[in-house]
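Contents: one structure, followed by commentary.
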Amino acid sequence: MGKTDFRIIEEAGWTVFPAKQYKLVDRINTLNAKLRDAQGQRRLLISPKCKNLIKALDGLTYKNGTKIPDKSSGLDHVTDALGYLLMGLFPTTGPNWSSTTVSI
């Protein structure tokens, strides 16, 4: 059998923490709160060099009459990845969120 993605990454010297299955609504709320919180503060700055991410954030829509992202555009993968990153860094444990600088 072949190696798993986790094994390949571990063998390259990285520490791997398998992602939890966060609820979609929690990922969306966390991302929205980092883009602009209730006080209007931006807690996530996206470099203009991240053209695919900006395109995805600008173009991803919801299925009609739902709060479920429309995955037919293919724009959901990068936004899902960002949502999982933010949930890993800033789990929704309560109202006391802090700011952290992350370079990717």
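Go over the candidates THR79, THR66 one by one and state the one that is under 13 Å from the mean Cα position of the chain (by Cα) and β-branched (Val, Ile, Thr).
On the way: THR66 fails: under 13 Å from the mean Cα position of the chain (by Cα).
Of the residues listed, the single one that is under 13 Å from the mean Cα position of the chain (by Cα) and β-branched (Val, Ile, Thr) is THR79.
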So how many residues does segment 34-60 have that are touching a Leu at 6+ places or on another chain (Cβ under 9 Å), over 20 Å from LYS71 (Cα atoms) and among the aliphatic types (A, V, I, L, M)? 3
From the list ASP80, ASP76, pick out the single residue that is touching a strand residue (DSSP E or B) at 6+ places or on another chain (Cβ under 6 Å) and modelled with pLDDT of 85 or more. ASP76
Restricting to segment 17-36, give me the number of residues that are modelled with pLDDT under 90, surrounded by 13 or more Cβ atoms within 10 Å (Cβ to Cβ) and in contact with a Phe, Trp or Tyr (Cβ under 8 Å, 6 or more places away or on another chain). 2
Please tell me if LYS63 is in contact (Cβ under 8 Å) with a residue 12 or more places away in the chain and over 14 Å from LEU85 (Cβ atoms). no
Does any residue of segment 37-49 turn out to be over 16 Å from PRO91 (Cβ atoms), loosely packed, with under 10 Cβ neighbours inside 10 Å, modelled with pLDDT of 95 or more and out of contact with any Lys or Arg (no Cβ under 7 Å at 6 or more places or on another chain)? yes
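Give the residue that is nearest to PRO91 (Cα to Cα), with candidates limited to residues of segment 3-23 that are of a type in the set (Gly, Ala, Ser) and free of Cβ contacts under 8 Å to residues at least 40 places away in the same chain. Spell out the reasoning first.
Going through segment 3-23, the residues of a type in the set (Gly, Ala, Ser) turn out to be 12-13, 19.
Next, only the ones that are free of Cβ contacts under 8 Å to residues at least 40 places away in the same chain stay: 12-13.
On the way: ALA12: 27, GLY13: 25 Å.
Ranking the qualifying residues of segment 3-23, first place goes to GLY13.
The values are calculated or read from the model by the stated rules, or taken from the named source; none is laboratory data. Only a predicted model underlies this, so the values are computations on that prediction, with no experimental measurement involved. Note: ideal-geometry Cβ built from the backbone for every residue, glycine included; neighbour counts use all protein chains shown.
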